[in-house]
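One structure below.
Laboratory data are not the source of any read-out in this text; all were calculated from the coordinates shown. Just so it is clear, the structure is predicted and the values come from calculations on it, not from any experiment. Cβ placement follows ideal geometry from the backbone for every residue including glycine, while neighbour counts extend to all protein chains displayed.
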Amino acid sequence: MDQILEQAIQALRQSRQIAVLTGAGVSKESGIPTFRDAIDGLWSRYDPTQLATPQAFRANPKLVWDFYEYRRQLMRPAQPNPGHVALAGLQQRYPTLRIITQNVDNLHERAGSTDVIRLHGSIAHNKCFFNCQGDPTPVDISQIEWDRDSGPPPCPYCGRWVRPAVVWFGEMLPRPMLLRALDLVTNCDLLLVVGTSGMVSPSSEMPAEAKARGALVIEINPDTSMISHLADLRLSAPSGVALPQLLNALTA
Ligand code: BV8
């Protein structure tokens, strides 16, 4: 590990354009379960990927809404962990560094990272399911009075369902975010891939895009993933440990 860590530090030192792709693993040490983790209790019998779809929402809006309310409740006390903070520190040192995240929590921003490219939206926000005022139609549910046991609130504009402002399986990613992410991964000389299983596309295709353009790919993940075969270097450690080690070595 030390020799690989040293190689990673050298690579970062020589890099002129760093891109970072993060997944649920970077928030694990903040207490937010990843998609690979079994969610305990009531929700353990559900597969998140089966609930995170427009079809599931149409079929049972209350079930899907309550699933997101449960996850929002889990996320509320979460704080940025040393991994999020170290990434913000790396961006201070490398001002053109950009983070592309699959996560729907806001921990990168709360750690101080700026201009985060959010591929899959934000669980803290909501919108009209039908985008009745245009795509998207943001809805602030704190201004709505409704029976919270009845499922999603009514859209204040059209009276129909409100839904979480996240990208569900089977939905297109917001085009501006996707284009920005592709521009970053195809123009970086180093891609840091942190805490993702690499199972969800199109984000899972980005490491290969970067590598095809000659970027060095460094993976930080305690386990192997679907992109490990692409990684030039693998730091097999939690991101909350490896990222601060990288930053401390670079700023020593
Ligand atoms: C799209 C928001 C075009 C919601 C998410 C068949 C039919 C229909 C579609 C498809 C299909 N086959 C493939 C597809 C495409 C589909 C897809 O990829 N499906 C998967 C399930 C196969 N993708 C889409 O639908 C995307 N849209 O392609 O549009 C299209 C349209 C129609 C039809 C075809 C194509 C939209 C995908 C976005 C889905 N929304 N999130 C919500 O959060 O509720 S994805 C969600 O799951 C997360 O955002 C994240 O992206 C993903 C989970 O992945 P990870 O982040 O990697 O997390 P995971 O738990 O998997 O892994 C955690 C990792 O961390 C592990 O490796 C672990 O080892 C590591 N780890 C653990 N601890 C630590 C750690 N690492 C570091 N430190 C630690 N301490």
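If the cut-off is a Cα-Cα distance under 17 Å, which aspartates and glutamates reach Lys127, setting aside same-chain residues fewer than 8 apart in sequence?
Lys127 reaches Asp66, Glu69, Asp105, Asp135, Asp140, Glu145, Glu171.
Go through the range 43-147 and name the GluC sites (Glu not before Pro) that are in a DSSP coil and have 11 or fewer other Cβ atoms within 10 Å of their Cβ.
The qualifying sites are Glu145.
When the dipole is taken about the Cα centre of the range 77-133, and only Lys, Arg (+1) and Asp, Glu (-1) are charged at their Cβ, what size is it in debye, to the nearest 20?
Computed about the Cα centre, the dipole is about 60 debye.
Enter the mean projected area of the convex hull around the alpha-carbon atoms of the chain, in nm², rounded to one decimal.
Its Cα hull, projected and averaged over all orientations, spans 13.5 nm².
Roughly what % of DSSP beta bridges within the chain run antiparallel, to the nearest 5?
The antiparallel proportion sits near 30 percent.
As I understand it, the dipole of the range 71-183 uses +1 on the Cβ of Lys and Arg and -1 on the Cβ of Asp and Glu, about the Cα centre. Which of Ile100, Gly170, Ile144 lies farthest toward its positive end?
Working it through, the farthest residue towards the positive pole turns out to be Ile100.
Find the cysteines in the chain that fail to meet the 4.7 Å Cβ criterion with every other cysteine, and list them.
So far as the 4.7 Å Cβ criterion goes, Cys188 stand without a partner in the chain.
Tell me, what are the semi-axes, in whole angstrom and largest first, of the equivalent ellipsoid of the range 192-240 as set by the roots of 5 times the Cα gyration tensor eigenvalues?
16, 13, 8
Which trypsin sites (Lys or Arg not before Pro) from the range 1-93 combine a DSSP loop assignment with at most 15 other Cβ atoms within 10 Å?
Arg16, Arg36
Mind checking which of Ser225, Pro207, Leu184 is farthest towards the positive end of the chain's charge dipole, using Cβ charges of +1 (Lys, Arg) and -1 (Asp, Glu) about the Cα centre?
Leu184
Mind telling me which of Asn126, Asn60, Asn106 comes out most flexible in a GNM of the chain, alpha-carbon contacts under 10 Å?
Result for the chain, Cα springs under 10 Å: Asn60 fluctuates most.
So what's the projected area for the range 127-252, the Cα convex hull averaged over all directions, in nm²?
11.1
Please give me the summed charge of the neighbours of Ile117: other residues whose Cβ is under 11 Å from its Cβ, Lys and Arg +1, Asp and Glu -1.
So the surrounding residues net to +1.
Hey, if you drop one equal point scatterer on each alpha-carbon of the range 1-135 and run the Debye formula without solvent, what base-10 log of I(q)/I(0) do you get at q = 0.22 Å⁻¹?
Log-scaled intensity ratios, in q order: -1.38.
With +1 on each Lys and Arg Cβ and -1 on each Asp and Glu Cβ, how big is the dipole of the chain about its Cα centre, in debye rounded to the nearest 20?
Charge dipole, the chain, about its Cα centre: 320 debye, nearest 20.
Using Stokes-Einstein with the Kirkwood hydrodynamic radius over Cα pairs, what translational diffusion coefficient do you get for the range 100-180 at 4 °C and a viscosity of 1.567 mPa s, in µm²/s rounded to a whole number?
94
Quick one: divide the alpha-carbon radius of gyration of the range 61-157 by 2.2 N^0.38 Å and tell me what you get.
Scaled against compact globular proteins, the figure is 1.29.
Can you tell me which of 234-241, 81-88 comes out highest on packing, and rank the rest after it, using the mean Cβ neighbours within 10 Å?
The peptides rank, most packed first, as 81-88, 234-241.
Of Met75, Gln50, Gly89, which is farthest on the positive side of the dipole of the range 35-96, counting Cα position, with +1 on Lys and Arg Cβ, -1 on Asp and Glu Cβ, and the Cα centre as origin?
Highest projection toward the positive end goes to Gly89.
Name all residues of the range 69-90 having a backbone nitrogen under 15 Å from the label point set 7 Å from the Cα of His125 along its Cα→Cβ direction, giving them as ranges.
Under 15 Å, as judged by backbone N against the label point of His125, lies no residue of the range 69-90.
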